[in-house]
There are 2 protein chains.
Amino acid sequence: MNEAVTKWWGWGEEGRRLELSDRAVSMLREMVGPAEPSPRVELDEVAMPEARDLPDSLRAIAGEVGLLVAHDQRVRRAAGRGYVDLVNLRSGRLPQAPDAIALPADAAEIVAYLGACGRDGVAVVPFGGGTSVVGGVTPIAGPHHAVLSLDLRRLRTVDVDRESMTATLGAGLRGPEAEAALRAQGLTLGHFPQSYEQATIGGYAATRSAGQASSGYGRFDELVTSLQMITPVGELSTLATPHTAAGPALRDLALGSEGTLGVITQVTARVRPAPQARHYEGFFVADFQAGVAAFRELAQAGTLPDVLRLSDEEETRTSMALSGTGGTTRAALDVYLRIRRRAGGCLVIAGWEGERESLERRRAVSTSTLRSAGAIALGQRPGRAWLHARYEGPYLRDELMDRGYLVETLETSHEYSRLTELYAGVRDALRKSLSSGGASSIVNCHVSHVYPDGASLYFTFIAPARPGREIEQWRSAKTAACAAIVAAGGTITHHHGVGVDHMPYMRDEVGETGIEALRALKERLDPAGIMNPGKLISSGARLSAA
Amino acid sequence: MNEAVTKWWGWGEEGRRLELSDRAVSMLREMVGPAEPSPRVELDEVAMPEARDLPDSLRAIAGEVGLLVAHDQRVRRAAGRGYVDLVNLRSGRLPQAPDAIALPADAAEIVAYLGACGRDGVAVVPFGGGTSVVGGVTPIAGPHHAVLSLDLRRLRTVDVDRESMTATLGAGLRGPEAEAALRAQGLTLGHFPQSYEQATIGGYAATRSAGQASSGYGRFDELVTSLQMITPVGELSTLATPHTAAGPALRDLALGSEGTLGVITQVTARVRPAPQARHYEGFFVADFQAGVAAFRELAQAGTLPDVLRLSDEEETRTSMALSGTGGTTRAALDVYLRIRRRAGGCLVIAGWEGERESLERRRAVSTSTLRSAGAIALGQRPGRAWLHARYEGPYLRDELMDRGYLVETLETSHEYSRLTELYAGVRDALRKSLSSGGASSIVNCHVSHVYPDGASLYFTFIAPARPGREIEQWRSAKTAACAAIVAAGGTITHHHGVGVDHMPYMRDEVGETGIEALRALKERLDPAGIMNPGKLISSGARLSAA
């Protein structure tokens, strides 16, 4: 990945755009009203805190490769890719930036960096693709006098064990790099989150990423069989065995630790044969409830497709309006609505991958369930359109932000018995917050991951941004949504992670004792508190025994 | 469960025996030589340390129910059900015993007990079915002046969420009790370890139990969606959501914690519809390698039966010799060997459960793979025999011990690429240790759990016990096997847990940093160190930052 070709101010490759059609723009204006286009500053206009001097010990470790300290290098590691990050980048006002960037060659160099940073009071932010949308890579110094961004791009080993069907992958490999190396051997990792093109193996592990095809291939935390994490007090490596009952699962401590306990340097993950065939198609169901009920039936019968998504009524309308495939799908929807003599209707995308014969067998079973639930088949075109556009969301966000819109996503999950309550609560909270002052908004939701006991809900919301008050507007909506999630007993994050944004809700998530458990780990493995300060859990007083 | 009807000295119901046929006894003698029958003492002859006085604070919490202090009550909580436990019980010499037994009614009473024990220096051993085979319930006082056994049998709530297909189950429910409550609603937990009849929900969770049908229903740690654990500093409860990315998985810290961090009081677990049909059958494969290769193919293709087991040559011979079904299976084996013109051959048991039509579909796919691998179908009789005998192993052990034989089991797992090395290493180490002094032994192995990346190996070994030196003889074999496991990089335990026996190998399993992580949790959640002392990890000095 040549970083010169990636946008410093937005998502993905410089120059790659997802241009909105005039029709899409006018429909958007119709739905949420006009917005004031928001100009972007130039890279050299970006203001950020001046780089602080770093100890010579770090320079000595860097050797000939050196530490990167140039303006553009610092800008590129100063923020993740959440809405707030993008507002800051585009406006050219970065509240934080790393003081330098190190490019360690291997685990041994990381050990050296962590040792030196611990001794000399430098915070360390492990950096992979920089795609966190919750502040996970925000360079916060905490009590330390500088921040070193530890860019893991040189950790790119690929070691395949064909017999065990596992691959040991360096943390710095981006999704497409890992996938290409595996495809060359006829294999796939099967992990395709929306951030796939930019995010890294280490990031997937550190945040418990869930790919779009997780129903079929498994979430990333299910794919990982073992890992290596360098902590400030030593290396934590778990055995590469298919299962163990040897105490609490330390692998599951490192997964999701978001760089706060150490640097994940490599993971061993299950791989599969690359699929011989893929089949993606669309369906319409009468409403969101009917769709959820059908998904529940599929999951509980063990007959889930590999990809299964259900857009609510609003998302169904919005995505048809904004996507290039709106025409076709809209015509199908019109037919559907005429047949049903009613308004509404929800789009379902289902996809199967694998060996041709088994794919057809599995598809027959699950489509039969969908049809029994009243789903109308739309054929492969909407499925292909979804596949084609599966990584486009963040490119669309750049376009919408250019045009002056706030656009953000958040996700949660719950058991089926409380999913409707969670859905309505979050949707209504977002609508209420975004419409304060009489503005209009779009609040879309889709079911993105389906389990036997429940499902995840993925919300996307769009509203005209309030110029100069974008972050305040965002915070109000985000806070309202998080409060609704907590009230319904849902999880504060299904796959985006905690970072900075969800830290205030960790007590609701895991309770006081859970926080203490995490603090105990943090204090023991990172006694100087240098690892990714200000993320996951706040520092605070200990509990004492009752 | 009326405990008066369970054996204080062995396994399961008093009076229930698995009598060996004369033919089995003579074959056993032929294989490993004669042994000197070992008499058992009577219950009132059992010697154990005198009960120490417990603080009044505990008596106050117990209220009218009281603390149990009678001889037989103490004997029944003085040991688990490993070989060493049984040797101690049968010889009437118990090195440890709890000073009293509490029967808490609910979580609130457990909070009170832990508080009082922490203040007054009393160790707490959470006690479910008492079936640990690794010393997990050994009442070790550690630095404390007494031991309270916390028997959880009164925690028996069952709360089913049919929509989410989950059940919240009290920790004290034994396997059959939980299953009966679920069956009354047409559901099953699907968790059937060999200890099923005696072990409890809390024990399954605390030890990461794996049932015989884990390929189909999932291991217990995969079934659990959330749990409640009372620690000395407070309650740790995880949210009942299908998945979360909110940091390290605290559920996976409680699972496998073996009572060292707190008392698991209830778990919420996924349940399924009770199977409409079951089909179990037997196959023969040429040798162990061929069987493993076929299992690997099934697992990697995602077409595993719900139960799948492969006995090695020696186990195939032994089980036919010792079981009542030897005749039929032996005749089939003879036919097989004649066809193949060779010695050896390994028994495979495969089982499918579920809705009739899908069962047949799945069975067709997997039997086709087995046949392609050269497996010869033996029909349903060996499958039914296995089902009938699935919980009989520990009863057989009682018979063998009566007759003066050492009999013990241990388990491990590894990736396929190192499974043969692990298998040969452990088998040879056990043979060598048991045959020291020229004795004969039986060392059986079967693959008990199958994964896409590897499998578990379950060893059973039998030898004439050395009267008066049984524990020494056992320790030598166990130590040799554990050293072989560590040398091959396998896990020290696939599903029995760590307890006392595997504690010395935890450093090999999780490394110095892993031990420190576990210690940090222990010290924070159990600052007085009262929870199940002497298990999982030893106390020791901390690491300091590099």
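The values are calculated or read from the model by the stated rules, or taken from the named source; none is laboratory data. From a predicted model like this one, the values you see are computed outputs, not experimental measurements. Quick reminder, even Gly has a Cβ in these numbers, built from the backbone with ideal geometry, and neighbours come from all protein chains shown. Calculation scope for accessible area: heavy atoms of the full protein, side chains included, ligands and nucleic acids excluded. Shrake-Rupley method; radii C 1.70, N 1.55, O 1.52, S 1.80 Å.
List of remarks:
- Among the trypsin sites (Lys or Arg not before Pro) found in region B:438-524, those both in a DSSP coil and sparsely packed, with 14 or fewer other Cβ atoms within 10 Å of their Cβ, are B:Arg469.
- Shortest-first distances to equivalent copies, position B:Gly66, nm, label 7 Å out along Cβ: 8.3
- Cβ-placed point charges (K, R +1; D, E -1), dipole of region A:396-443 about Cα centre in debye, nearest 20: 220 debye
- Across the identical copies, the 7 Å label point of B:Pro527, projected outward along Cα→Cβ, sits 2.0 nm from its counterparts, in ascending order.
- Per residue Cα convex hull volume in Å³ - calculated over the protein assembly as shown: 165 Å³
- The mean count of C-beta atoms from other chains within 10 Å of the C-beta of residues in B:300-310, rounded to a whole number, is 2.
- Taking all protein chains as they are arranged and a probe of 1.4 Å, the heavy atoms of B:Asp508 leave approximately 80 Å² accessible to solvent.
- Counts of other chain beta carbons within 10 angstrom of each beta carbon in peptide B:452-459 average 5.
- Among B:Ser164, A:Ser436, A:Ser358, the order of accessible area from largest down is A:Ser436, A:Ser358, B:Ser164, computed with a 1.4 Å probe on protein heavy atoms.
- Region A:432-471 and region B:9-83 have Cα centres separated by 62 Å.
- Relative to the compact-globule estimate of 2.2 N^0.38 Å, the Cα radius of gyration of region A:20-84 comes out at 1.88.
- Here B:Thr369 and B:Ala439 are evaluated by their C-beta separation; at R0 = 35 Å the FRET efficiency comes out at 0.30.
- Scalar couplings 3J(HN,Hα) for region B:226-233, obtained by applying the Karplus form with A = 6.51, B = -1.76, C = 1.60 to θ = phi - 60°, are 7, 7, 10, 10, 8, 9, x, 9 Hz; x denotes Gly and Pro.
- Residue (of B:Leu20, B:Gly282, B:Gln96) at the positive-pole extreme of chain B, dipole from beta-carbon charges: B:Gly282
- Listed residues A:Met401, A:Met48 arranged by accessible area, highest first, probe 1.4 Å: A:Met48, A:Met401
- Sequence-distant residues sharing a close amide H with B:Glu408 (under 5 Å, placed H): B:Phe461
- Our note on the geometry: Cα centres of region B:262-312 and region A:134-201, 33 Å apart.
- Most simply put, chain A has about 85% antiparallel DSSP beta bridges, counting only bridges with both residues inside it.
- Separation in nanometres of the label points that stand 7 Å from Cα toward Cβ, at B:Ala180 and B:Glu50: 4.2 nm
- Nearest-0.05 FRET efficiency for A:Arg17 and B:Ala487, computed from C-beta distance (R0 60 Å): 0.55
- The heavy atoms of B:His145 offer some 90 square angstrom of accessible surface to a 1.4 angstrom probe.
- Shape metrics for region B:168-316, restricted to C-alpha atoms - Rg then Dmax, Å: 17.5, 56
- Among the lysines of the protein assembly as shown, pairs that are 8 or more positions apart or on different chains and have alpha carbons within less than 29 Å of each other number 17.
- On the principal axes of its alpha-carbon atoms, region A:168-230 has extents of 31, 23, 22 Å, going from largest to smallest.
- Relative contact order of region A:180-264: 28 percent, from C-alpha pairs under 8 Å at least 6 residues apart in sequence.
- Bins of 10 Å from zero: percent of alpha-carbon pairs in region A:64-136: 18, 47, 29, 7
- A quarter of the convex hull surface defined by the alpha-carbon atoms of region B:89-207 gives 8.7 nm² as the mean projection.
- 3J(HN,Hα) along region A:454-459: x, 7, 9, 10, 10, 9 Hz, from the Karplus curve 6.51 cos²θ - 1.76 cosθ + 1.60 with θ = phi - 60°, whole Hz, x for Gly and Pro.
- Projecting the Cα positions of B:Ser319, B:Ala520, B:Val84 onto the charge dipole of chain B (unit charges on Cβ atoms of Lys, Arg, Asp and Glu, taken about the Cα centre) puts B:Ser319 furthest along the positive direction.
- A simple count of charges around B:Val498, restricted to other residues whose Cβ falls under 9 Å of its Cβ and scoring Lys, Arg +1 and Asp, Glu -1, yields -2.
- Per-residue SASA entry for A:Ile442, accessible area with 1.4 Å probe, Å² rounded to 10: 0 Å²
- Region A:57-69 - phi-based ³J(HN,Hα) in whole Hz, Karplus 6.51/-1.76/1.60, Gly and Pro as x: 4, 6, 4, 5, 5, 5, x, 5, 4, x, 9, 8, 9
- Scattering curve values for chain B, log₁₀ I(q)/I(0), Debye with Cα scatterers, q = 0.08 Å⁻¹: -0.52
- For peptide B:516-526, the mean count of partner chain Cβ atoms within 10 Å of a residue's Cβ comes to 6.
- Unit Cα scatterers, Debye sum, region B:229-332: log10 I(q)/I(0) for q = 0.23 Å⁻¹: -1.20
- Rounded to the nearest 20 debye, the dipole magnitude of the protein assembly as shown is 2000 debye, with +1 charges on Lys and Arg beta carbons, -1 on Asp and Glu beta carbons, and the Cα centre as origin.
- Viscosity 0.692 mPa s, temperature 37 °C, Stokes-Einstein D of region B:343-438 from Kirkwood C-alpha radius, µm²/s: 191 µm²/s
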